[in-house]
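The values are calculated or read from the model by the stated rules, or taken from the named source; none is laboratory data. Not measured: the values here are computed from a predicted model. For neighbour counting, all protein chains shown are included, and Cβ atoms are generated from backbone atoms with ideal geometry for every residue, glycine included. Calculation scope for accessible area: heavy atoms of the full protein, side chains included, ligands and nucleic acids excluded. Shrake-Rupley method; radii C 1.70, N 1.55, O 1.52, S 1.80 Å.
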Protein chains: 2
Amino acid sequence: MSYPIDATHNPSLRSWVESANQPDTDFPIQNLPFAVFRRQGSAETPRIGVAIGEEILDLTRCYQLGLLSQLPEKLQIACTAPNLNLLMGIEIPARLALRQHLSQLLQANRQPQPPAEILFTMSEAIFLMPNFIGDYTDFYASIFHATNVGKLFRPDNPLLPNYKYVPIAYHGRASSIVPSDTAIKRPSGQIKLPADSVPKFAPTQMLDYELEIGFFVGVGNQPGESIYIDKAEEHIFGLCLVNDWSARDIQAWEYQPLGPFLAKSFATTISPWVVTLEALAPFRCPAFSRASGDPQPLPYLSSPVDESLGGINITLEVWITSAQMQQQGLEPWLLSRGSFQQMYWTLAQMLTHHASNGCNLRSGDLLASGTVSGAEVGSQGCLLEITQRGSQPITLPTGEVRKFLADGDEVILRGYCETPGYQRIGFGECRGKIFNC
Amino acid sequence: MSYPIDATHNPSLRSWVESANQPDTDFPIQNLPFAVFRRQGSAETPRIGVAIGEEILDLTRCYQLGLLSQLPEKLQIACTAPNLNLLMGIEIPARLALRQHLSQLLQANRQPQPPAEILFTMSEAIFLMPNFIGDYTDFYASIFHATNVGKLFRPDNPLLPNYKYVPIAYHGRASSIVPSDTAIKRPSGQIKLPADSVPKFAPTQMLDYELEIGFFVGVGNQPGESIYIDKAEEHIFGLCLVNDWSARDIQAWEYQPLGPFLAKSFATTISPWVVTLEALAPFRCPAFSRASGDPQPLPYLSSPVDESLGGINITLEVWITSAQMQQQGLEPWLLSRGSFQQMYWTLAQMLTHHASNGCNLRSGDLLASGTVSGAEVGSQGCLLEITQRGSQPITLPTGEVRKFLADGDEVILRGYCETPGYQRIGFGECRGKIFNC
């Protein structure tokens, strides 16, 4: 299964919402991602919106004005729910119909032009969690990240023997996933420095971000039922940006033998906008190109379609701004830029592997890729790699030095897709600022 | 904080429900655990029940007949909900009031005796999940289990240096937690035997159970807010039996470096009855007695109250019955008997550690102890330990040999508390039978 490139991707489409026609917007009419929002200061029920330029198309308002009445009733109910869970669970044909409908509603030539009251100014919105997340699973799908981190912990044996066979993952904590712009409290935990004979309980001194892509389960599977690799993308609704905050000193001491726990579970930030797989159709690319000596994936993870189109060409960036930079009015500073194309495992392989033991995935479950790091210098998706565990600190424009994150630092993740012949689309931002109290 | 021993624990209390007065019942009037059930074959809304002998006190029926009208309205709403989540979130004084009320309602001298229609025969009930579980965390709190398993994987280094400081845990999978009596499908996964050069995808040949105690979060905590050790038990609603099914061959190949994933996530079975901490008050005992060379827990995990009363004296048993045993009408066969008293970490220490980084726990979240194994032969809580990873198979009464579980095997966990001067109480059973198709 691959999602079709159709009229909704036509790069010449323009919207009557003028800000959507700016060449550098993340949200042209070809994108149409979903989020859940409410107006600042209001206590009204959260509602689903679709990004269009600098505006949000308010689906509840559209419904109230009869602008969704041509859609099946089930879809109308899903569009006016207080979160995306119902919408995530609908079948592909209905999803495609909705995309078509929204595209037509927003096209420049639409007559009569819909009333402006279906729009809400994005800068005046508060974004909430897009959906209720039942379970959160975090993969480890960048071989460059796995190798870089492995070198720091096991210089003689950086990449473990299972890596090229198993899409490695761990269960994450769902309760502490928060939407973009939620302040992140520096966690405390057990820390044992090499020079210490016993651990102490203290605030982490090695607070890090991890740049990841998240993907939400669409239609789920029943317990005991696995998912064929060529059907896997039918179970994926869309993608977001994920910052899997990590306390490296807590992690180093706690993670043996059962994996990361409190080093990660204090917070995970996701971007508000969920970009659908439909929207990403023009940006599909081959899966990671394995080296000649690398094993082929086992049959349950192999498919010609996935091999030729399983990748997604998403450029991913991390920016930072310190408290001092903000005081001085300086712009955020680029920490890294990489591509999601370089992931060793595709979304379909991760999802198929997850369900291969019969584990049931539910609509709205979040799977994440693990840190996206590339082969090139400047494409490493966390400070652990960039500063080599603090041994090579970086210097910000203010002259401030960073081994890891300081209080007041804000981390901004950005993602976008560009390919010749198609309109650029973006993911918006995923933001989080560190505080301590 | 410790829960009071009060009139509801009086061993001379008897009930007008005669089966509750049998000396060997798991559910005397001193217990009063909660479950969610519906009648076999019905599609009615699930309802909350309280075990009493061989009957279930149907709380919705009680409400309809005005038998809960003396309780605060919030409590009445919680008692008539379709699951235990609301009840789990109520504050301690209300919980104690409810226990008192239920005890009085069921006492032999109650005048007028309540109508029999508030009872439902336990053997005719289908038990459902007691509550919606947001997140599931599995600890590793038996030092005997950790040492036994460590010996198998790392003979030279069985117990890792962090064990005596950190209550080790990993995030488990919430979606695949199932109630007792759900059939368990043998999972497939990647398996690499020592003699093989590459892994294969195949049904597990090392399917195991793990005997554990689960505990449900009562009142939760806010993100960023930790929980003092002496307040920890105020955040625990009650306990159940947990079978954390494990595929040892899948686990051995996948678990480095991020911990167990698909080896566990195919299914976890919990017992229907949730025994409250109130009910367990007479069975509290000192925490694990550390050896003289062992470190004291760090201050955030230390408390004189927890040290003197943090343990719970629960006897735990595992029984097995094979398809052949069932055909021959043989009784289940005892695999192990151990005590929850021998756990290295207390419930309070596990919960306090979990929230120590500010991770928010929500009402109904499930925490489990990890495999309960004791020091003595015959007290090991999984086949991995009992058969020494299959090298010392066991023989069933039929002459069948087991290294790990076979299709058709049913595993039955039982738990009960006995202490001089108090009525014995039990946890009922946690059952699961293996099938393959």
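Worth a mention:
- Using the Karplus relation 6.51 cos²θ - 1.76 cosθ + 1.60 with θ = phi - 60°, the per-residue 3J(HN,Hα) values for region B:352-366 come to 4, 4, 4, 8, 5, 9, x, 4, 7, 9, 10, 3, x, 4, 10 Hz, with x marking Gly and Pro.
- Its DSSP H runs of at least 4 residues, each contributing -39,500 (n - 2.57), put the calculated 222 nm mean residue ellipticity of the protein assembly as shown at -4500 deg cm²/dmol, to the nearest 500.
- 20 °C / 1.002 mPa s Stokes-Einstein diffusion coefficient of region B:162-279, Kirkwood radius on C-alpha pairs, µm²/s: 129 µm²/s
- Candidates A:Pro194, A:Pro28, A:Pro155, ranked by Gaussian network fluctuation over chain A, Cα under 10 Å, top entry: A:Pro194
- In region B:1-42, the alpha-carbon atoms span a convex hull of 116 Å³ per residue.
- Applied to region A:314-331, the Karplus parametrisation 6.51 cos²θ - 1.76 cosθ + 1.60 on θ = phi - 60° returns per-residue 3J(HN,Hα) values of 10, 8, 10, 10, 10, 10, 10, 9, 8, 4, 5, 4, 5, 4, 7, x, 7, 6 Hz, with x for Gly and Pro.
- Full-stretch length increase - B:Leu160, B:Lys74 - with 0.36 nm per residue and alpha-carbon distance subtracted: 26.2 nm
- Taken as Cα centroids, region A:1-44 and region A:333-403 sit 26 Å apart, rounded to the nearest whole angstrom.
- Accessible area per residue in Å² at 1.4 Å probe, computed on region B:258-377: 29 Å²
- Chain A: angle of helix A:92-106 to the longest principal axis, Cα-based, in degrees nearest 10: 70 degrees
- Isotropically averaged projected area of region B:120-221, using the convex hull of Cα atoms (one quarter of hull area), nm²: 10.7 nm²
- Spherically averaged projected area of the convex hull of Cα atoms, region A:165-233: 8.8 nm².
- Volume per residue that the Cα convex hull of region B:23-167 spans, once the total is divided by residue count, Å³: 185 Å³
- Overall Cα dimensions of region B:340-402, principal axis frame, Å, largest first: 51, 22, 18
- Stokes-Einstein diffusion for region A:241-379, with the hydrodynamic radius set to the Kirkwood value over Cα pairs and evaluated at 4 °C in a medium of 1.567 mPa s, equals 72 µm²/s.
- By accessible area, using a 1.4 Å probe on protein heavy atoms only, chain A has 52% of its surface on carbon and sulfur.
- Ordered from highest to lowest accessible area with the whole protein assembly present and a 1.4 Å probe, A:Arg99, A:Arg154 read as A:Arg154, A:Arg99.
- Among B:Gly53, B:Gly150, B:Gly370: highest mean-square fluctuation, GNM of chain B, C-alpha pairs under 10 Å: B:Gly150
- Of the residues B:Glu278, B:Glu55, ranked by 1.4 Å probe accessible area with the largest first, the sequence reads B:Glu55, B:Glu278.
- Residues within the reach of a label modelled at B:Arg337 (point 7 angstrom out along Cα to beta-carbon, backbone nitrogen below 14 Å), restricted to region B:352-390, are B:376-380.
- Shown for B:Gln296: label points 7 Å from Cα along the beta-carbon vector, and their distances to the equivalent points in the other copies, 6.3 nm in ascending order.
- When Rg and the Kirkwood Rh are both derived from Cα coordinates, the Rg/Rh ratio for region A:58-106 amounts to 0.92.
- Between 0 and 90°, nearest 10: helix B:143-153 axis offset from chain B longest Cα axis: 30 degrees
- Chain B, closest residue to the rotation axis toward A, by beta-carbon, whole angstrom: B:Gly259, 1
- Principal axis analysis of the Cα atoms in region B:116-172 yields extents of 61, 24, 17 Å, listed in decreasing size.
- Peptide A:351-361 shows a mean partner chain C-beta count of 6 within 10 Å per residue C-beta.
- Gain on full stretching of the segment that runs from A:Arg290 to A:Val401 - 0.36 nm per residue minus C-alpha separation: 36.2 nm
- Rounded to the nearest whole angstrom, the semi-axes of the ellipsoid equivalent to the protein assembly as shown, taken from the Cα gyration tensor as √(5λ), stand at 46, 32, 27, largest first.
- Here the Kirkwood formula puts the hydrodynamic radius of region A:80-158 at 17.6 Å, using every distinct Cα pair.
- Note on chain B: GNM, Cα springs under 10 Å; of B:Ile77, B:Ile213, B:Ile425, the largest mean-square fluctuation is that of B:Ile77.
- Equivalent ellipsoid semi-axes - Cα gyration tensor, chain B, angstrom: 35, 26, 20
- Overall, the protein assembly as shown carries a charge dipole of about 380 debye about its Cα centre when +1 sits on the Cβ of Lys and Arg and -1 on the Cβ of Asp and Glu, all other atoms neutral.
- In sequence order, calculated HN-Hα J values of region A:8-22 (Karplus, 6.51, -1.76, 1.60; Hz; x Gly/Pro): 5, 9, 3, x, 8, 4, 10, 10, 6, 8, 4, 5, 7, 9, 5
- The lysine pair count for chain B, using Cα distances under 25 Å and pairs eight or more places apart or on different chains, is 19.
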